[in-house]
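Just below is one structure, and these are the notes that go with it.
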2 protein chains.
Amino acid sequence: MTTFTALDVQDVRFPTSRDLSGSDAMNPDPDYSAAYLTLRTDAPDAGTALVFTIGRGNDVQSAAIQALAPHLLGRDVEAVLADLGGLYRELVHDSQLRWLGPEKGVMTMAIGAVVNALWDLRARREGRPLWLTLAMLSPEELLDLVDLRYLEDVLPREEALEILRRGEEGKEERIAALRESGVPAYTTTPGWLGYSDEKLARLLREAREDGFEMVKLKVGADPADDERRLRIAREVMGPDYPIAVDANQRWGTAEAIGAIRALAPHDPYWIEEPTSPDDVLAHAAIREAVSPVRIATGEQGASRILFKQLLQAGAIDVLQADATRVAGLNENLAILLLAAKFDVPVCPHAGGVGLCEMVQHLAFVDAVAVAGEDPRRRIEFVDHLHEHFEVPVRIERGRYMPPEAPGGGARMHETSVAEHLFPHGPVWQEIAAADGPGPSDERAEDDGRDAAVPVPVPAAD
Amino acid sequence: MTTFTALDVQDVRFPTSRDLSGSDAMNPDPDYSAAYLTLRTDAPDAGTALVFTIGRGNDVQSAAIQALAPHLLGRDVEAVLADLGGLYRELVHDSQLRWLGPEKGVMTMAIGAVVNALWDLRARREGRPLWLTLAMLSPEELLDLVDLRYLEDVLPREEALEILRRGEEGKEERIAALRESGVPAYTTTPGWLGYSDEKLARLLREAREDGFEMVKLKVGADPADDERRLRIAREVMGPDYPIAVDANQRWGTAEAIGAIRALAPHDPYWIEEPTSPDDVLAHAAIREAVSPVRIATGEQGASRILFKQLLQAGAIDVLQADATRVAGLNENLAILLLAAKFDVPVCPHAGGVGLCEMVQHLAFVDAVAVAGEDPRRRIEFVDHLHEHFEVPVRIERGRYMPPEAPGGGARMHETSVAEHLFPHGPVWQEIAAADGPGPSDERAEDDGRDAAVPVPVPAAD
């Protein structure tokens, strides 16, 4: 019998606010970071996962993951891996830890890291990529992973099982198709705030030449700029090319409706995060007011209970699942099921640190075993920090191609982790030596967050 | 100039699961705990606040508070205290920390602790109890404390100001009335799950003899027990005495509707937490189905954005604000304003560690400066752990009487803190010596959480 021996959590931060300060209308100075978990066993193998953060607080997130150690240390690895539904429910329903949410925020993301690390380990022991490990499960096994508490008013158990049984039909063909042609990506590369109009136009053309069949622009800082940039993008890409825009929660309800109406003549493919991710009723009101413009949200959706309501209220056209925001893969399976029930496409959020590598598995399992084929499915792509991962995403002709290497995608090179440890890794020591205390652990009065024009950068999404 | 010199955070836990194991339908084994903040200055004074938790994870909550130190260390105390609206917004809008919520969970509760400690310090420097410090502010000063982002679709600035201006009229008279006769309390003492029917009846009579004009029973474990206990309580107390019941989030929507209909013939005064606190639409559906039975929730309401929606959707009859769940007093002021706008009474949640001492200030400021006189206003009371506080609540004839001692109520005796430090304080060392590792830091396989009948105890509320 092998047992779990340690939850090693490392505070890994990339100093992206240094060279890339400013990013979107809400997150001007992210230091892309990962609370990076290695779940060790007394066998030579380990499971890996991470929680993506944007700097300050990555230590708090790390402490929260560490606090879950008593749930695993000393336990039989194979028994735990054989019942990941049970382990997930045990963590989510630990009543003392639940008090810290419930089912949201730092503690839930910590549970997500542990659950995802267990899935990584299970897939590795099976010698499969995570998406295929999941695709091999029966509808009953998949359903057993899910917690339907608080969902059954909308998704009774029988209906969830029915969705998964439909997902069983033609699964082999869909796996073959996935391996053949992947899932379309869209790119946010051309669309950062602050690029010159010329650069915007050039990058848009390049994105199309690279095979991307959709792009996204950041908006939300200045309405006139937003309108002009979307107009230029539309002129460059022509009338039928999908161009989404992302407001990063910048607006209140009335402001959102006004802003979206101003952009609507240029046919945005969707409007992402028009307002607070928690505001179901605001999303519903905005969507109704701007119909037929599509509304998307989800990268900061705290739980399956929120997503249930967004769907139930008819508040969204696109659900943007995230790999590290909810309580891991198990909760994301519930979210996939809810989306399938309402026939809303899941277009996962990516970017950051390792999100592309992790979130692709969600889209793949959705494609092969839950919602099935859906031409509306796309995965966000940001070409940044992939070199730090053992199995970086593979984008071909604008499509995510499924990995065949075992695991869930979050494992980084040891040297990358060591170099970016905060605050004592060499990268941060160098910064400290060059200019005193770094910006991530001390809030300087002049940290540039009030700068009028955010600098163009790859952002948190 | 005095400056902030330290955020000392102590992990204080009371081993309540030892002598009081089991509590309610969702929280069977709480160790009532506090992430206890002392905000020190280079003057002799300090501000105090706490976040209430129920055991495991109190260390994570403490780390989150500590992570906010860079926002305060070295800053001018008087300048910060003079602009607590500004400081609150600075913390809430720290984009890197915001990522960890946004605006919910551990990081938001940490911000709440810092904000509340600042208010405690400000009230102490003024020599006033917190409720009076607030009552002395003008409508414009109160409004400046509030962040209306994401609220203005429901509560435009002008309307918020109007509510506060109405709250200005007759304020002196209401302050005098408050000092004279306080705010009614209700007690949960008779109603814990598992008491014998005889004990229930006796404690109900005692509660009335002690002057309490309302009681609350726990439900949610077994429907037949729930019905019988409420029937007995109704028989003992007669047809007009308010008897609320509390399900502690136990039910799904359909289950809640069925359970409430079964209890309705015994005229429960309100049904508290029928389901997930995040589920606005479920609360609305339940309320509509069981009308005219009142629905209450809020002790685990994560943010003003959630409360806005609960009110907007007509989902609740009673709003149960909590002192340590949201981003401190400032966010609670927004919640009081929202409730006043919808004419929904605020009946704060209390119990736990220090919640009674803190939350009374919310009810008092609501009574004198926001919603004004409201016979529906009541504050929860649990007679437990008050002896550890420097200024324990004063209950007279079933009413909370306002303190005149300076501060916000959270300050504990130094000896109480020292004795209950986890895991190295004498109380926990003694437990460790007596029976090995304590239950709070290690999840034992047989920790009793599956015991069929929870033992009667004062619970988390």
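Answer yes or no as to whether A:Ala262 is closer than 21 Å to A:Val215 by Cα, open to solvent by less than 10 Å² (accessible area, probe 1.4 Å) and small (Gly, Ala, Ser).
Working: closer than 21 Å to A:Val215 by Cα: yes; open to solvent by less than 10 Å² (accessible area, probe 1.4 Å): no; small (Gly, Ala, Ser): yes.
So A:Ala262 does not fit the description; no.
In the range B:199-219, how many are in a loop (DSSP other than H, G, I, E, B) and charged (D, E, K, R)? Spell out the reasoning first.
Initial filter on the range B:199-219 (in a loop (DSSP other than H, G, I, E, B)): B:210-214, B:219.
Still in the list and also charged (D, E, K, R): B:210, B:213.
Count: 2.
Test each condition in (1) open to solvent by 10 Å² or more (accessible area, probe 1.4 Å); (2) in contact with a strand residue (DSSP E or B) (Cβ under 8 Å, 6 or more places away or on another chain); (3) in a helix (DSSP H, G or I) for B:Ile286 and report the one that comes out false.
All conditions are met except number (1).
Do the conditions hold for B:Gly86, that is, is it free of Cβ contacts under 8 Å to residues at least 60 places away in the same chain, more than 9 Å from every other protein chain (Cβ to nearest Cβ) and either in contact with a Pro (Cβ under 7 Å, 6 or more places away or on another chain) or not aromatic (Phe, Trp, Tyr) (or both)?
Working: free of Cβ contacts under 8 Å to residues at least 60 places away in the same chain: yes; more than 9 Å from every other protein chain (Cβ to nearest Cβ): yes; either in contact with a Pro (Cβ under 7 Å, 6 or more places away or on another chain) or not aromatic (Phe, Trp, Tyr) (or both): yes.
When the stated conditions are applied, B:Gly86 passes them.
Taking the range B:180-198 only, how many residues are in contact with a strand residue (DSSP E or B) (Cβ under 8 Å, 6 or more places away or on another chain) and part of a helix (DSSP H, G or I)?
Here the count works out to 1.
State which residue is farthest from the other protein chains (Cβ to nearest Cβ) when the search covers only the range B:122-165 and only residues that are in contact with a Gly (Cβ under 8 Å, 6 or more places away or on another chain) and open to solvent by 70 Å² or more (accessible area, probe 1.4 Å).
The qualifying residue farthest from the other protein chains (Cβ to nearest Cβ) is B:Asp144.
Looking at (1) of a type in the set (Asp, Glu); (2) open to solvent by less than 20 Å² (accessible area, probe 1.4 Å); (3) away from chain B (no Cβ under 14 Å), which is the only condition A:Glu103 fails?
Going through the list (1) of a type in the set (Asp, Glu); (2) open to solvent by less than 20 Å² (accessible area, probe 1.4 Å); (3) away from chain B (no Cβ under 14 Å), A:Glu103 breaks only (3).
Between A:Leu306, A:Leu336, which is away from every other protein chain (no Cβ under 14 Å) and either out of contact with any helix residue (DSSP H, G or I) (no Cβ under 9 Å at 6 or more places or on another chain) or part of a helix (DSSP H, G or I) (or both)? So that I can check it myself, show each step before the final result.
Numbers: A:Leu306 fails: away from every other protein chain (no Cβ under 14 Å).
That would be A:Leu336, the only listed residue that is away from every other protein chain (no Cβ under 14 Å) and either out of contact with any helix residue (DSSP H, G or I) (no Cβ under 9 Å at 6 or more places or on another chain) or part of a helix (DSSP H, G or I) (or both).
Among the listed residues A:Phe364, A:Phe389, which satisfies the condition of being aromatic (Phe, Trp, Tyr) and either closer than 27 Å to A:Arg250 by Cα or surrounded by 24 or more Cβ atoms within 10 Å (Cβ to Cβ) (or both)?
On the way: A:Phe389 fails: either closer than 27 Å to A:Arg250 by Cα or surrounded by 24 or more Cβ atoms within 10 Å (Cβ to Cβ) (or both).
Sole residue among the options that is aromatic (Phe, Trp, Tyr) and either closer than 27 Å to A:Arg250 by Cα or surrounded by 24 or more Cβ atoms within 10 Å (Cβ to Cβ) (or both): A:Phe364.
Got a number for residues in the range A:106-120 being more than 8 Å from chain B (Cβ to nearest Cβ) and of a type outside the set (Gly, Ala, Ser)?
7
Filter the range B:166-187 down to residues that are of a type in the set (A, V, I, L, M, F, W, C) and within 21 Å of B:Cys347 (Cβ to Cβ) and give me whichever is surrounded by the most Cβ atoms within 10 Å (Cβ to Cβ). Write out each step before concluding.
Let us first name the residues in the range B:166-187 that are of a type in the set (A, V, I, L, M, F, W, C), namely B:175-178, B:183, B:185.
Those left that are additionally within 21 Å of B:Cys347 (Cβ to Cβ): B:175, B:177-178, B:183, B:185.
Details: B:Ile175: 19, B:Ala177: 14, B:Leu178: 22, B:Val183: 20, B:Ala185: 27.
Ranking the qualifying residues of the range B:166-187, first place goes to B:Ala185.
What residue, among those in the range B:275-303 that are more than 11 Å from every other protein chain (Cβ to nearest Cβ) and under 19 Å from the mean Cα position of the chain (by Cα), is nearest to A:Gly252 (Cα to Cα)?
B:Gly298
Looking at B:Ala25, B:Ala67, B:Ala35, B:Ala49, can you tell me which residue is at the interface with chain A (Cβ under 9 Å from one of its Cβ atoms) and closer than 28 Å to B:Gln300 by Cα? Quick ask: steps written out before the conclusion?
Details: B:Ala25 fails: at the interface with chain A (Cβ under 9 Å from one of its Cβ atoms); B:Ala35 fails: at the interface with chain A (Cβ under 9 Å from one of its Cβ atoms); B:Ala49 fails: at the interface with chain A (Cβ under 9 Å from one of its Cβ atoms).
Selected residue: B:Ala67, the only one of B:Ala25, B:Ala67, B:Ala35, B:Ala49 that is at the interface with chain A (Cβ under 9 Å from one of its Cβ atoms) and closer than 28 Å to B:Gln300 by Cα.
For the range B:207-216, give me each residue that is over 19 Å from B:Val245 (Cβ atoms) and open to solvent by less than 70 Å² (accessible area, probe 1.4 Å). Please lay out each step first, then the result.
Let us first name the residues in the range B:207-216 that are over 19 Å from B:Val245 (Cβ atoms), namely B:209-211.
The answer is B:Gly211, and nothing else.
Taking the condition in contact with a strand residue (DSSP E or B) (Cβ under 7 Å, 6 or more places away or on another chain), at pLDDT 95 or above and either assigned to a strand (DSSP E or B) or not β-branched (Val, Ile, Thr) (or both), does A:Arg261 pass? Outline the logic, then answer.
Working: in contact with a strand residue (DSSP E or B) (Cβ under 7 Å, 6 or more places away or on another chain): no; at pLDDT 95 or above: yes; either assigned to a strand (DSSP E or B) or not β-branched (Val, Ile, Thr) (or both): yes.
Considered against the rule, which asks whether it is in contact with a strand residue (DSSP E or B) (Cβ under 7 Å, 6 or more places away or on another chain), at pLDDT 95 or above and either assigned to a strand (DSSP E or B) or not β-branched (Val, Ile, Thr) (or both), A:Arg261 comes out as no.
Looking at A:Leu143, is it farther than 22 Å from A:Gly408 by Cα, aliphatic (A, V, I, L, M) and modelled with pLDDT of 95 or more? Outline the logic, then answer.
Working: farther than 22 Å from A:Gly408 by Cα: no; aliphatic (A, V, I, L, M): yes; modelled with pLDDT of 95 or more: yes.
No, not satisfied.
Considering only the range B:341-358, state which residues are surrounded by 24 or more Cβ atoms within 10 Å (Cβ to Cβ) and either without any contact (Cβ under 8 Å) to a residue 24 or more places away in the chain or in contact with a helix residue (DSSP H, G or I) (Cβ under 9 Å, 6 or more places away or on another chain) (or both).
Within the range B:341-358, B:Val346, B:Cys347, B:Pro348, B:His349, B:Ala350, B:Val353, B:Gly354, B:Cys356, B:Glu357, B:Met358 meet the criteria.
Please state which one of A:Ala244, A:Ala233 is assigned to a helix (DSSP H, G or I) and open to solvent by less than 30 Å² (accessible area, probe 1.4 Å). Spell out how you get there, then give the answer.
Details: A:Ala244 fails: assigned to a helix (DSSP H, G or I).
After applying the criteria, what remains is A:Ala233.
The values are calculated or read from the model by the stated rules, or taken from the named source; none is laboratory data. These numbers were taken from a predicted model, which means no experiment stands behind them. So basically every Cβ, Gly included, is an ideal-geometry build from the backbone, and we count neighbours across all protein chains shown. Only protein heavy atoms, including side chains, enter the accessible area calculation; ligands, DNA and RNA are left aside. Shrake-Rupley method; radii C 1.70, N 1.55, O 1.52, S 1.80 Å.
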